[in-house]
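Read the structure below first, then the notes.
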Amino acid sequence: MQTLDARGVLWDVYAGEDLPVDRLTAAAADLASGLRWMPDGELQGDRSLVLLRAAEAAKTAAERKDLLEQATASAMAAVAIAPGQPGVWARLAYLRLLQGEPAPAAAALRLSMLSGSFVPAMMASRIELGLRLLPALDAETTELLRRQIRLFWLVEPNRVAELSERPGANDIVREALNGLTDADMLQFQRLHGKR
């Protein structure tokens, strides 16, 4: 019952609506109240999203910093309870990047790709995040990013083609597509009916 009002705010956030900071922070407080009764990884992840949106809408740098720290703590609590949440790991990576922490951001991005490699709704944003973090990625995570590009090409070839035209992205996209297998090509044909 304590999180009921927050659910409406969450629906608005997921719908992409811009909400005032006070409404977002009130929802975060309601979610925190509910979490005191029962720890829940998904609910904690939702709280991190609401706090991130509040930080993005904050009027002052100090308020933004505080809300980003709260969002990060909430995301970390979410994956501690339920580590199989690729969306929360990706959000944690983004939060770490916003806070100027590329190494922890890269580690969280890696865990996002490992916990859910094929999530079409997240692939574009994870690739964008990976490109921003490219200098901080180790060899294994860079290969996971290449794999993400290949998987995204299977469902959105035009978007990957557009991505390849961006400065700084051409090399990794080319490397990723050079790794396509015969099985990948067959899957592409099944999905798109052409080679």
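The values are calculated or read from the model by the stated rules, or taken from the named source; none is laboratory data. Quick caveat: nothing in here was measured; it's all calculated off a predicted structure. We place every Cβ from the backbone using ideal geometry, glycine too, and count neighbours over all the protein chains shown. Keep in mind that these areas ignore ligands, DNA and RNA; they rest on the heavy atoms of the full protein, side chains included. Shrake-Rupley method; radii C 1.70, N 1.55, O 1.52, S 1.80 Å.
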For the range 1-82, size of Cβ-based charge dipole, Lys and Arg +1, Asp and Glu -1, in debye: 160
Hydrodynamic radius (Kirkwood) for the range 66-110, which is based on Cα pairs only, to one decimal in Å: 10.1
Sparsely packed trypsin sites (Lys or Arg not before Pro) within the range 1-74, loop by DSSP, other Cβ within 10 Å at most 12: Lys59
Candidates per GluC sites (Glu not before Pro) in the range 3-89, loop by DSSP, up to 14 other Cβ within 10 Å: Glu17
Nearest-ten-degree value, helix 139-155 long axis tilted from longest Cα axis of the chain: 80
Inverse mean reciprocal Cα-Cα distance (Kirkwood Rh) of the chain, Å: 17.8
Most positive-pole-ward Cα, Ser164, Leu4, Gln99, against dipole of the chain from beta carbon charges: Ser164
Heavy-atom surface of the chain, accessible at 1.4 Å and reported per residue (Å²): 53
Gyration tensor (alpha-carbon) shape descriptor, the range 9-100, a/c threshold 1.5: oblate
FRET efficiency for Asp171 and Leu114, using Cβ-Cβ distance with R0 set to 22 Å, rounded to 0.05: 0.40
Rounded tilt (10° steps) of 182-192 against the dominant C-alpha axis of the chain: 70
Value of relative contact order over the chain, rounded to a whole percent, pairs C-alpha under 8 Å and six or more apart: 12
Positive-pole candidate from Trp37, Gln70, Val155, dipole of the chain, charges at beta carbon: Val155
Carbon plus sulfur fraction of accessible area for the range 105-194, probe 1.4 Å, in percent: 51
Unit charges on C-beta of K, R, D, E only; dipole of the chain, Debye: 360
Contact order relative to length of the range 133-182, as percent, for alpha carbon pairs under 8 angstrom and 6 or more apart: 35
Evaluated at q = 0.12, 0.26 Å⁻¹: base-10 log I(q)/I(0), Debye formula over Cα of the range 105-194: -0.33, -1.47
